[in-house]
Amino acid sequence: MTLNFLEYAVPGVANLRPYQPGKPLAELERELGIRDAIKLASNENPLGPSPLALAAIRDALPDLALYPEGGAPELRARLAQIHDLDPRQFIFGNGSDQVIEMAVRTFAGPGTEVIVSQYAFAAYAIAAQASGATVRTAPAQNYGHDLDAMAALLSEQTRLVFIANPNNPTGTQLSGAALETFIDSVPAHALVVLDEAYLELMDDENYPDGRQWLGRFSNLLVTRTFSKAYGLAGLRCGYGMGHPDLIAVLERVRQPFNINSLAQVAAHAALLDTRHLEATRVNNRQERQVLAEGLDKFGLTILPPAGNFTAFAVPGGGQRVYSALLQRGVIVRPLSPYGMPDHLRVSVGLPVENQRFLKMLGEVL
């Protein structure tokens, strides 16, 4: 007899739809029997990891039989030095997604509310709904966060407010003044989670660093990741920064060995390799412009390029173009799961990858 396991699942799980990641290269090549496909779907670093990070991984391999240090002390000390913060202000996760999930597990549950923006990163609402919390979604403004609409949803039941700057997948940004005013308006019983996954890849001199507000707002958690600019997506390492008392509470739900030893040493080494980070930034800056200009030549409407990605619209043909590009060995990201069926998102790749994408897109269109 087959059981209906949804009957036994906790409230909120029954209506969940799993997060849909970008299609893996190996999966596409198996399905279509092709080789040399390219993936521009998941905002990964096309330059790969830092050589220093790879060397650190090789050096750490003999110790894989040992459990990692749960608190990531060396990585913690290095980040505290870089950000001029107390080491007690950091918490680490298996990617910044896990830090986000820890915040939800700690503060949200049945009878509470979590505020997100329309078109925001899907993981926020998924984690909140799985916890049994009520998700309140503020309508977007020009595909970005409408902070006034989000403020209007604040209530006594609000426990978490999620903001991504820039927003993934739409690339929209918020100014420092607007963010500061909004955070100041959020009551103390609600935690603002400011997701800055793309901070290291932002070139706008007016882009605000949320770290500047940590001394003023104890109900602020700023999250970062090593998956994007540092090229360590496969090792899963992210972190959050906040008031020491907030971090101490979050630590109560963190699994003791959630950051593996290879991720710890690789992240620490990546922070030291400023040359690799700068090469990443240069390629990203130049090639993001190439993609934007190429999409413009096709007459396509693009959303603001940000971080290492650009979203663009193909009216009435988003899924068709996505499927046709797959047949040509090019993986981009369809945004239909975000309620944007006409839009696709393309990540910045190497010059040869970006040219191949534009060539294949031209054939499809």
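The values are calculated or read from the model by the stated rules, or taken from the named source; none is laboratory data. Predicted model, so just to flag it, every value in this text is computed and none were measured. Don't worry about glycine lacking a Cβ; one is built from the backbone with ideal geometry, like all the others, and counts go over all protein chains shown. For accessibility, only protein heavy atoms count, side chains too; no ligands or nucleic acids. Shrake-Rupley method; radii C 1.70, N 1.55, O 1.52, S 1.80 Å.
With K and R counted +1 and D and E -1, the other residues having a Cβ less than 13 Å from that of Leu199 yield a net charge of -2. Taking other residues whose beta carbon is less than 14 angstrom from the beta carbon of Leu32, and scoring Lys, Arg as +1 and Asp, Glu as -1, yields +1. Expressed as a fraction of 2.2 N^0.38 Å, the value expected for a compact globular protein of N residues, the C-alpha radius of gyration of the range 216-353 is 1.32. Each Cα pair under 8 Å and six or more residues apart adds its separation to the average, and for the chain the resulting relative contact order is 23 percent. Over what distance in Å are the Cα centres of the range 65-130 and the range 262-293 separated? Going from one Cα centre to the other spans 22 Å. Rounded if a/c is under 1.5, else prolate if a/b is larger than b/c, else oblate: which is the chain, with a ≥ b ≥ c the root eigenvalues of its Cα gyration tensor? Note, shape of the chain comes out rounded. Accessible surface computed residue by residue for the chain, with neighbouring protein chains in place and a 1.4 Å probe, gives 45 Å² per residue. Working note: Cα atoms of the range 1-59, range along each principal axis, descending, whole Å: 50, 34, 24.
Before anything else, pin down the relative contact order of the range 35-141: Cα pairs under 8 Å, at least 6 apart, normalised by residue count, whole percent. So the answer I get is 17 percent.
Along the range 26-38 the Karplus relation, 6.51 cos²θ - 1.76 cosθ + 1.60 evaluated at θ = phi - 60°, assigns HN-Hα couplings of 4, 5, 5, 5, 5, 5, 9, x, 10, 10, 6, 5, 10 Hz to successive residues, with x for each Gly and Pro.
Packing-based ranking of 133-146, 15-28 yields 133-146, 15-28, ordered from highest to lowest mean Cβ neighbour count within 10 Å.
When shorter helices are ignored and each DSSP H run of at least 4 residues is given -39500 (n - 2.57), the per-residue value for the chain at 222 nm works out to -11000 deg cm²/dmol. Rounded to the nearest 10 square angstrom, Glu200 shows an accessible area of 20 square angstrom against a 1.4 Å probe. Short-range pairs are left out: with C-alpha atoms under 8 Å and at least six residues apart, the relative contact order of the range 253-365 is 23 percent.
Near Met360: Cβ cut-off under 14 Å, other residues only, Lys/Arg at +1 and Asp/Glu at -1. The net charge is +2. Solvent-accessible area of Ser336, all protein chains in place: 60 Å² (probe radius 1.4 Å, heavy atoms, ligands and nucleic acids excluded).
As a fraction of the 1.4 Å probe accessible area of the range 47-184, surface on carbon and sulfur atoms comes out at 50 percent.
When a/c reaches 1.5 or more, the comparison of a/b and b/c decides; with that in mind, is the range 202-244 rounded, prolate or oblate per its Cα gyration tensor? Cα axes put the range 202-244 in the oblate bin. On the range 209-278, 51 percent of the accessible area sits on carbon and sulfur atoms, based on a 1.4 Å probe.
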